[in-house]
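Enquirer: Okay, here's the structure, questions in a sec.
What follows draws every value from the coordinates through simple rules; no lab data is involved. Because the structure is a prediction, the values reported are computed rather than measured. Cβ coordinates were reconstructed from backbone atoms using ideal geometry, including for glycine residues, and neighbour counts include every protein chain displayed.
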Amino acid sequence: MRQLLLSCLLCLCGLAQAATGVFPDSTFNNLDHGLYWFGYGDTWQKAVPGQSNAYYNASKPTLIYVHGWQNGSTQKKNRETFNRKDAGGPDLDLAYAWLAAGYNVGILYWNQFADEGEVKDAEAKIWTASSPRAMRWRNSSGVYSAGPNISAGELLFRSYRDNLAGYSGSNIRLVGHSLGNQLAIVITKKISDAVSAGSMNSKLLPKRVALLDPFYSNQAKSYLGNKWVGEVCRSYVSELKSKGVIFEAYRSSGASSTGFIGDSNSGLMNMTAFSELKPWYFASTQLTEKHNAAVWHYLWSFSFNPPLISGTSNQAASARTSDSRIGTLMNGTQKLVQDQGAYTKEPSDDNFKLQAR
């Protein structure tokens, strides 16, 4: 029953979120991963260390998104982009407002590694290259091939490190959805360790990390010394907060609210500026759409003024809310629960109320 519910909630997420026709067939026929920079209208250019990129400026604030599980996506030649109409979101370029505000906008792809029939097999690749599935990757014919001998977390960290080596700005934000939230945390931890070791410029440490409907599987993992993934993520976030990294989290579905499907990891949620979204414009059975809503709702919310806490002039959390305000909410004792705007997709009419964590 647990696996059935998990499949209903997550199995089609990669397909629902992805865009077809944006990338050439070669992107799916051959192994391709790492950082891509985006311009308006889902135009893109892969980041290559040492080479200029039409969509990247080393002095600009930067948003980088990390996707989650991608079961079946490679054969469909699908990859997530910034138009989320196939995920129940608006038929809009959700990078537009960010680009217009002067941001670099990128995606860290690991979709061919994340294309597994079992979510735990994809999850293991975040942490280790030595799980039963190792780092195998899938091509557009559905065939798996042996992959590199380093984890997805390390691969994406290296892509980030090498392509942002000359970064001179002062604001990097990582955003991770579902399993991708674990990657956002792991990458930030690796960056922090490198900064502490003196091998990376401190400007590369993300200032803010957003966890969107995050997923953590249940049970201890041998590749983590018999610890739960949620437990390790909590320890990383605790350390990173002490280094000044700001964390926000948004729940939109049962993927992160019930221990029956996965680890609710309430301890970690309580360490963040935590908001419970209510995407009630979807039916109760539309679990996948609700899970996906966290992504496009967050990206879209940057286009509008921050929501308010009902009955006050105090701001709630959104992508547009300032870093300092998110930090205040993170260090508070209450969570935010959506109080208005639950039946409309556009974030402009959202308000929230405070509740005990």
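Enquirer: Just report the Cα centroid separation between segment 150-226 and segment 306-321, whole Å.
Expert: That distance is 28 Å.
Enquirer: Still on this model: Looking only at the chain, where both bridge partners belong to it, what percent of the DSSP beta bridges are antiparallel (to the nearest 5)?
Expert: 45 percent
Enquirer: Working out 0.36 nm times the residue gap between L31 and Q45, then minus their Cα-Cα distance, what length gain in nm do you get to one decimal?
Expert: Fully extending the segment from L31 to Q45 adds 3.4 nm.
Enquirer: Efficiency by 1/(1 + (r/R0)^6): what FRET value for S238 and Q286, r their Cβ-Cβ distance, R0 = 30 Å, to the nearest 0.05? Walk me through the numbers on the way to the answer.
Expert: Details: r = 35 Å, r/R0 = 1.16.
Given R0 = 30 Å and the Cβ-Cβ separation, E is 0.30.
Enquirer: Ok, one more. Computed from these coordinates, which is log10 I(q)/I(0) by the Debye sum over Cα atoms at q = 0.08 Å⁻¹: [x] -0.70; [y] -0.34; [z] -0.60?
Expert: [y]
Enquirer: Next question, about the same structure. If each of S322 and N171 carries a label point 7 Å out from its Cα toward its Cβ, how far apart are those two points in nm?
Expert: 1.0 nm
Enquirer: Rank the residues E239, E80, E116 as a footprinting-exposure proxy: fewest other Cβ atoms within 10 Å of their Cβ go first.
Expert: Ordered from fewest to most neighbouring Cβ atoms within 10 Å, E239, E80, E116 come out as E239, E116, E80.
Enquirer: Taking the beta-carbon count within 10 Å as an exposure proxy, list H33, H177, H67 from fewest neighbours to most.
Expert: On the way: H33 20, H177 31, H67 27.
Result, fewest neighbours first: H33, H67, H177.
Enquirer: Quickly estimate the mean residue ellipticity at 222 nm for the chain, helices only: each DSSP H run with n ≥ 4 gives -39500 (n - 2.57), and the total goes over all residues, rounded to 500.
Expert: Calculated at 222 nm, the ellipticity per residue is -8500 deg cm²/dmol.
Enquirer: If you don't mind, there's one more thing I want to ask. Using the count of nearby Cβ atoms within 10 Å as a rough guide to exposure, how do D32, D323, D350 rank from fewest to most?
Expert: Working: D32 18, D323 13, D350 23.
Final ranking by Cβ density, sparse to dense: D323, D32, D350.
Enquirer: Taking only C-alpha pairs under 8 Å that are 6+ residues apart, what is the relative contact order of the chain in percent?
Expert: 15 percent
Enquirer: What full-extension length gain, to one decimal in nm, is calculated for E118 and N139 as 0.36 nm per residue of separation minus the Cα-Cα distance? Walk me through the numbers before you get to the answer.
Expert: Numbers: separation 21, 0.36 × 21 = 7.56 nm, distance 1.69 nm.
That pair, E118 and N139, stretches by 5.9 nm at full extension.
Enquirer: If you take the beta carbon distance between S196 and K227 as r and set R0 to 30 Å, what does 1/(1 + (r/R0)^6) give as a FRET efficiency, to the nearest 0.05?
Expert: 0.85
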